[in-house]
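Peer 1: Before anything else, here's the structure in question.
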Amino acid sequence: MTLVAVADLGSMIAAARSLGYAPSTISAHISAVERHVGTPVVARTADGTRLTPAGRQAVAVARMIVGLYDYLDDLDVTASSRL
């Protein structure tokens with residue numbers, strides 16, 4: 001979710017504010033993603049951040065995962081309402 005927020009909002013500071021985290025936490029989350037994929041996912045600039053090609057791919061996958069999670073959550077609610 002952190003990487004998606006950074007992508008949508010264009011900066012780690014804006015993502016931190018939106019998610020209620022300290023900027024250092026956002027930076028740590030991004031660093032963890034970068035260690036996991038083995039390459040930078042954001043380019044840090046004076047104007048904010050921009051996604052690298054790997055970052056664009058990671059955000060696409062993250063959006064799919066969030067969508068699947070939401071779908072499964074909706075299934076759980078639907079199943080519970082039938083009981």
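Peer 1: Being outside any loop (DSSP other than H, G, I, E, B), at pLDDT 95 or above and among the aliphatic types (A, V, I, L, M): is that true of ALA32 here? Working first, answer last.
Peer 2: Working: outside any loop (DSSP other than H, G, I, E, B): yes; at pLDDT 95 or above: yes; among the aliphatic types (A, V, I, L, M): yes.
In short, yes.
Peer 1: Okay, next question. Which one of these is out of contact with any Asp or Glu (no Cβ under 7 Å at 6 or more places or on another chain) and surrounded by 12 or more Cβ atoms within 10 Å (Cβ to Cβ): ALA22, ALA15, ALA46? Quick ask: steps written out before the conclusion?
Peer 2: Working: ALA22 fails: surrounded by 12 or more Cβ atoms within 10 Å (Cβ to Cβ); ALA46 fails: surrounded by 12 or more Cβ atoms within 10 Å (Cβ to Cβ).
None of the other options fit; the residue is ALA15.
Peer 1: Which pairs turn up if I take residues in the range 1-13 that are farther than 13 Å from ALA28 by Cα and look for partners that are among the hydroxyl-bearing types (Ser, Thr, Tyr) with beta carbon separation below 9 Å, at least 6 apart in sequence or on another chain?
Peer 2: These pairs meet every condition: ALA5/SER18; ALA7/THR49; ASP8/SER18; LEU9/SER18; GLY10/THR49; SER11/THR49.
Peer 1: Hey, another quick one. Output yes when any residue across the range 43-63 is of a type in the set (Val, Ile, Thr) and touching a His at 6+ places or on another chain (Cβ under 7 Å), and no when none is.
Peer 2: Step one: of the range 43-63, the residues of a type in the set (Val, Ile, Thr) are 45, 49, 52, 59, 61.
Retained after the next criterion (residues that are touching a His at 6+ places or on another chain (Cβ under 7 Å)): none.
For the range 43-63, residues of a type in the set (Val, Ile, Thr) and touching a His at 6+ places or on another chain (Cβ under 7 Å): absent.
Peer 1: Yes or no: the range 26-38 includes at least one residue that is open to solvent by less than 80 Å² (accessible area, probe 1.4 Å) and among the acidic types (Asp, Glu).
Peer 2: Applying the first criterion (open to solvent by less than 80 Å² (accessible area, probe 1.4 Å)) to the range 26-38 yields 26-34, 37-38.
Subsequent filtering for residues that are among the acidic types (Asp, Glu) retains 34.
Checked the range 26-38: at least one residue is open to solvent by less than 80 Å² (accessible area, probe 1.4 Å) and among the acidic types (Asp, Glu).
Peer 1: List pairs: first residue in the range 59-70 and touching a residue at least 40 places away in the same chain (Cβ under 8 Å) and part of a helix (DSSP H, G or I), second residue of a type outside the set (Phe, Trp, Tyr) and open to solvent by less than 100 Å² (accessible area, probe 1.4 Å) anywhere in the structure, Cβ distance under 7 angstrom, at least six positions apart or on different chains.
Peer 2: If the second residue must be of a type outside the set (Phe, Trp, Tyr) and open to solvent by less than 100 Å² (accessible area, probe 1.4 Å), the pairs left are VAL59/LEU3; VAL59/VAL4; VAL59/ALA7; VAL59/LEU51; ALA62/LEU3; ALA62/VAL4; ARG63/VAL4; VAL66/VAL4.
The values are calculated or read from the model by the stated rules, or taken from the named source; none is laboratory data. These numbers come from a predicted model, not from an experiment. Here Cβ is always computed from backbone atoms with ideal geometry, including for glycine, and neighbour counts include all displayed protein chains. Protein only, heavy atoms only, side chains kept; ligands, DNA and RNA dropped before computing areas. Shrake-Rupley method; radii C 1.70, N 1.55, O 1.52, S 1.80 Å.
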